[in-house]
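Beneath this line is the structure, given in structure tokens, with notes to follow.
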Amino acid sequence: MSEPSLPAGEVAAAAAEFSRILTAWTRSEIVRAVIAVLPYDVAAEAGNRLFERTPHEPRHPAAAFVAALQPWTLPTPVTRTWDLTEPVRADGLPAGLPDLHDVEQFAYWLDFTVPELEWFADRGGWLRTARPPLRHYRIWRRAKRDGVRVIEAPKPRMRETQRRLLRRLVERIPAHPAARGFVPGGSTAAFAWPHTDRPSVLRVDLRHCFETVTTARVRRVFADVGYPPAIARLLAEICTTATPVDELTDIDHTHASLLRYRHLPQGAPTSPHLANLVMRSLDRRLDGYARHNGLRYTRYGDDLALSGDDFDADRALWVVLQVVGDEGFLVHPGKVRIMHRHQQQRLAGLVVNDRPQVARADYDNLRALLHNAIRDGAQAQNRDAHPDFRAHVYGLIAWIGSTGTLRRDRLLEMAARVDWDS
């Protein structure tokens with residue numbers, strides 16, 4: 001049996017979903033329902049344990065589920081993650097979040113002076129025209145099929161400041177349960193599992209997701225949990241940036257118009273979870289629509305998925321497009337798919353027709369690369385000039401192995417025979 005790995009709150013949310021989708025109290029149906037709501041590495045074992053502990057249907061299936069999951073459930077930490085439904089303290093802040101009432105206190109909490117705090121928050125927008133050595137971010141581009149991805153990586157002190165904010169504040173505000181990326185226990189497999197073996201799967205990708213999240217939207221996240229306006233504004237400014245004007249050349253107009261204003265930077269440690277928090281309203285609305293219509297909804301970053309046994313996919317797509325637009329996001333028109341059972345249904349690179357699994361072609365391509373690396377040396381296969389090719393390959397193995405231990409073990413055995421220095 002694996003070590004405890006599931007937060008108590010995640011188990012409770014999974015228990016509610018399990019009770020909703022369970023159709024019969026049989027071993028096969030219990031395992032199917034548990035697999036739909038839990039990470040793959042514990043789901044099958046947990047489903048069998050639940051049936052063996054409770055062979056007859058209980059009055060409260062959710063309670064039986066929670067009891068059966070006890071071996072995998074992490075103890076509740078002393079510092080609680082705030083539940084958006086719980087009462088706030090007398091001073092207006094939710095339990096578990098730091099007390100920050102004024103700018104001087106906030107600067108001290110971050111080991112800054114007030115002028116240093118304002119410099120890192122870029123209060124006056126000076127850094128859009130400052131020389132590169134004075135900027136807080138290093139910027140580079142990665143080519144995509146439909147443009148470029150602009151990576152804005154914080155320099156060491158800014159990065160450490162943002163990591164401290166993430167650990168001590170940001171990640172203590174919970175995302176919606178439908179968010180399966182950049183959360184504890186989240187993964188592409190957790191995103192895809194609820195949509196396995198479904199007659200129809202709808203996938204919608206958001207375009208320029210981080211760039212669409214403005215400072216005002218991030219400030220609203222902090223204001224909603226009770227921080228005063230001055231603190232919410234500074235928190236938002238430390239976590240956002242405006243791309244310098246000299247970095248916007250040769251970028252399409254729509255993308256550049258988003259980058260020139262303050263936004264979540266791709267590359268900042270706080271950005272993924274803050275995006276989840278900003279999209280909480282979108283998740284709530286689409287999850288409510290899905291539940292009302294007997295569907296399932298999950299999101300991994302900027303990938304949205306809806307699935308069901310018998311539903312009007314065109315109607316569902318219309319609803320998704322309306323909600324996405326109303327919430328201030330952009331849909332990528334080239335990455336909208338309605339996938340039926342007779343087609344290959346893919347979510348976040350995983351084929352979900354039977355169970356989440358990396359496509360056979362991707363597995364075969366990596367096996368071929370490792371075979372050639374064993375024969376001819378690793379560097380001959382590093383055609384894209386990855387600075388750490390070994391880490392890149394082992395990352396691919398981890399991705400493929402996350403949904404299949406047999407494939408993972410075969411690839412690891414091959415990788416162990418590669419001379420990575422040749």
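The values are calculated or read from the model by the stated rules, or taken from the named source; none is laboratory data. Keep in mind that what you see is a predicted model, and the values were worked out from it rather than measured. Because the Cβ atoms are built from the backbone with ideal geometry, glycine has one as well, and the counts that use them run over all protein chains shown. When the accessible area is computed, the model is the full protein with side chains, heavy atoms only, and any ligands, DNA or RNA have been set aside. Shrake-Rupley method; radii C 1.70, N 1.55, O 1.52, S 1.80 Å.
Taking Cα Rg over 2.2 N^0.38 Å as calculated from this structure, the corresponding entry among [x] 0.94; [y] 1.35; [z] 1.06 is [z].
In this calculation the C-beta distance from E57 to D419 is compared with R0 = 45 Å, giving a FRET efficiency of 0.20. For Y137, the amide hydrogen comes within under 5 Å of the amide hydrogens of K155, counting only partners 5 or more places away or on other chains and with H modelled in the peptide plane.
Calculate, for the range 358-415, the solvent-accessible area per residue in square angstrom, rolling a 1.4 angstrom probe over the heavy atoms of the protein chains. Walk me through the numbers before you get to the answer.
Details: 3240 Å² over 58 residues.
Computed with neighbouring chains in place, this is 56 Å² per residue.
Each residue of the range 21-32 was assigned a 3J(HN,Hα) from its phi angle through the Karplus expression (A = 6.51, B = -1.76, C = 1.60, θ = phi - 60°), giving 9, 5, 9, 7, 8, 10, 4, 5, 6, 5, 4, 4 Hz with x at Gly and Pro. Centroid-to-centroid, using Cα positions, the range 125-156 and the range 350-376 are 34 Å apart. Here's how it looks for G181: its modeled amide H is under 5 Å from those of G301, which are all 5 or more places away or on a different chain. Taken per residue, the accessible surface of the range 98-242 reaches 44 Å², heavy atoms only and a 1.4 Å probe.
Apply 1/(1 + (r/R0)^6) to the Cβ-Cβ distance of D99 and D376, taking R0 = 45 Å, and write down the FRET efficiency to the nearest 0.05.
For D99 and D376, the calculated efficiency is 0.15.
Between R315 and E29, what is the FRET efficiency for a Förster distance of 25 Å, r being their Cβ-Cβ separation, to the nearest 0.05?
Values: r = 29 Å, r/R0 = 1.15.
Between R315 and E29 the formula returns 0.30.
Here the range 84-235 exposes an accessible surface that is 54 percent carbon and sulfur, computed with a 1.4 Å probe and the other protein chains kept in place. Segment T405..Q344, full-extension length gain: 19.8 nm, with 0.36 nm per residue of separation and the alpha-carbon distance subtracted.
Can you tell me how much longer the chain between D111 and A223 gets when fully stretched, taken as 0.36 nm per residue apart minus their C-alpha distance, in nm with one decimal?
Extra length available between D111 and A223 comes to 38.1 nm.
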